[in-house]
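Written out below as structure tokens is the structure these notes cover.
The values are calculated or read from the model by the stated rules, or taken from the named source; none is laboratory data. Owing to the predicted nature of the structure, the values given are computational and were not obtained by experimental measurement. For neighbour counting, all protein chains shown are included, and Cβ atoms are generated from backbone atoms with ideal geometry for every residue, glycine included.
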Amino acid sequence: MKLFCLLLLLFPVSMLGQHATIVFVSDIQSTPVTVIPPVDGISFWAARIRMPLDANHQFMIPNDVATPGIMQFETYRDVVKLYVRPGQSYRITYMRGRPLAIAAEDAEGQMALQSIYRNTVAGKADILQRTGRGWTYIVRKLEREQEEQIDIFKKLLKKGKIDAGFYDCADRLAVVFRAAVMSLIVSRESRALTTDIRNGKYNEVAVFRMENQWKDMLYQCNVNFPKNRVSPYYRTYCANVLHYYYEDFFQYKEGLNPDVDTSGVALLKRRLVNIEKYFAEPSMKEYMLAWEISQSTATDQAPVILSAWDYFEKTYPRSALKPYVANAVKALRHPETNINVAEKAPASKRYSFLDGITQLEKQFNDTAAYIVVWNLDDATCHQALAYIDESRTLLKEKGVELAYLNVNGHGVPGNLEKMIGFFKLDGQHFDATYNLMSEFSKQYTPEKSGTGSIKLPVPQYIVIDHGRITSWIAAPLSDVEGVKRQLAGVGKPVACRPSF
């Protein structure tokens, strides 16, 4: 009895038996929030998930991390960073007209974390380059900003507001962001410089100065330092060094095959070789290979990537990154590499053009339907479609039709047939006209496009129940439990759809 009373004093009753969770609340975001959880403490983009907000403008996910790391929440207007520790619960409130609020044991540290990089790497590089100042000025300004940021965390650590792990993570974030900005600036200047000694515009002094800038940057941020993988920008930094120093500037300066094949396949092969060569630390080699494999989606590169994947599986059989790389590889196995399209393509009612939301709804006046809004040439959509088998079976059991709405026009010729065949996309297929895209843009925040065209964030999922859209942001088909919850609402009264 005494022990029980002691436990009640140490732990509030409300906390007993509860699992650690992370709650995100926002009335600003209308589309799903992209969440990038840490993978064994590593920031890895391929692990991202898209979380729709419910009727209460929130979602909740379990905090099942085993190793502390950074979890990012990407909205259409901002990025919220959270240092997540095992067993801890967090609540992020991001409401219109109010400052960001984070409820956590280390709340002061979490709020300070938001100041480490408010700009993107490219945005910060643009600001510094617009000053017209030289390399020395840029380096010193970035160093001062980094010192000011880290000083905040030193004080928090001294006061016991954060632990040593939090401090180390913040320090790595600041160091890597500075290095990523520097690497982008150097890359831009390096590409504008003639490094081929045979070219009449070759300037030996300028090349010497550029080489010193590269070395200065590499001295300040090592590409073989695994702790830096906690930062979402470490891959940006390492990729800039790999692509623009080792593969470009260094190759020409040393006279190493300046006339080699520059096709996509040839470049990819050399990149994989250079990862082996320049990333000597085993966990860094694993990290860079995982990134390269998971981000390479061009169909002509498939044989090279699949070969690299076989090597990765054999070399790193217990890699925490392996499941996410496997997702990308599965989506990459296009019909032309391992499937006879004519044999595998299902019978589909397809290629109808829809000119508006009302026309879309009328297609399902007598039934319920789950609509996948996708871009047939988009790698993220391919990855999402690779894991819909369970939900597809569930929809069939519930009598709900599964249909697909392509928002990319015709895309690459022949790709729709290949995607239908490979992913077994039986059901109705529709193409969205510009008018339908315009109406959709009032529901989903469009991505910026330099051509003036409308580019929607995909994939999205819509539920139609007997001629009326009941959910604009339905659960992704890869989330079977989410789809079950979504279907529980089919047949309920529909909220009025906004007029256009």
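As a summary of the residue check, LEU184 satisfies the conditions (1) crowded, with 21+ Cβ neighbours inside 10 Å; (2) at pLDDT 95 or above except for the one numbered (2). Can GLU145 be described as modelled with pLDDT under 90, surrounded by 11 or more Cβ atoms within 10 Å (Cβ to Cβ), among the acidic types (Asp, Glu) and in a helix (DSSP H, G or I)? Considered against the rule, which asks whether it is modelled with pLDDT under 90, surrounded by 11 or more Cβ atoms within 10 Å (Cβ to Cβ), among the acidic types (Asp, Glu) and in a helix (DSSP H, G or I), GLU145 comes out as no. Residue pairs whose Cβ atoms lie under 6 Å apart, separated by 6 or more positions or on different chains, with the first residue in the range 226-242 and under 14 Å from ILE70 (Cα atoms) and the second basic (Lys, Arg) and in a helix (DSSP H, G or I), are LYS227/ARG172; ASN228/ARG172; VAL230/ARG172; SER231/ARG172. Starting from the range 350-371, take each residue that is under 23 Å from LEU385 (Cα atoms) and at pLDDT below 80 and list its partners that are among the hydroxyl-bearing types (Ser, Thr, Tyr) and surrounded by fewer than 20 Cβ atoms within 10 Å (Cβ to Cβ), counting only C-beta distances under 6 angstrom and pairs at least six apart or across chains. Correct list of pairs: PHE353/THR433. Which residue is farthest from the chain's Cα centre (by Cα), if the candidates are limited to the range 221-238 and must be under 12 Å from TYR278 (Cβ atoms) and surrounded by 18 or more Cβ atoms within 10 Å (Cβ to Cβ)? Out of the qualifying residues, it is VAL223. Kindly evaluate ARG98 against the criterion of being in contact with a strand residue (DSSP E or B) (Cβ under 8 Å, 6 or more places away or on another chain) and either surrounded by fewer than 17 Cβ atoms within 10 Å (Cβ to Cβ) or farther than 14 Å from ILE162 by Cβ (or both). Here the answer is no, as ARG98 does not meet what is asked. Taking the conditions (1) polar (S, T, N, Q); (2) in a loop (DSSP other than H, G, I, E, B); (3) free of Cβ contacts under 8 Å to residues at least 60 places away in the same chain; (4) out of contact with any Asp or Glu (no Cβ under 6 Å at 6 or more places or on another chain) in turn, THR67 satisfies each one other than (4). Before we move on, is THR120 touching a strand residue (DSSP E or B) at 6+ places or on another chain (Cβ under 9 Å) and of a type in the set (Val, Ile, Thr)? Spelling it out, THR120 is indeed touching a strand residue (DSSP E or B) at 6+ places or on another chain (Cβ under 9 Å) and of a type in the set (Val, Ile, Thr).
Picking from residues in the range 1-44 that are aromatic (Phe, Trp, Tyr) and at pLDDT below 85, the one that is nearest to MET95 (Cα to Cα) is PHE11. Cβ-Cβ contacts under 6 Å between residues 6 or more apart (or on different chains), taken from a first residue in the range 89-118 that is in a strand (DSSP E or B) to a second residue that is loosely packed, with under 14 Cβ neighbours inside 10 Å, are listed as ARG91/ALA103. Would you call ALA55 more than 26 Å from CYS238 (Cα to Cα) and exposed (fewer than 15 other Cβ atoms within 10 Å of the Cβ)? Answer is yes for this residue.
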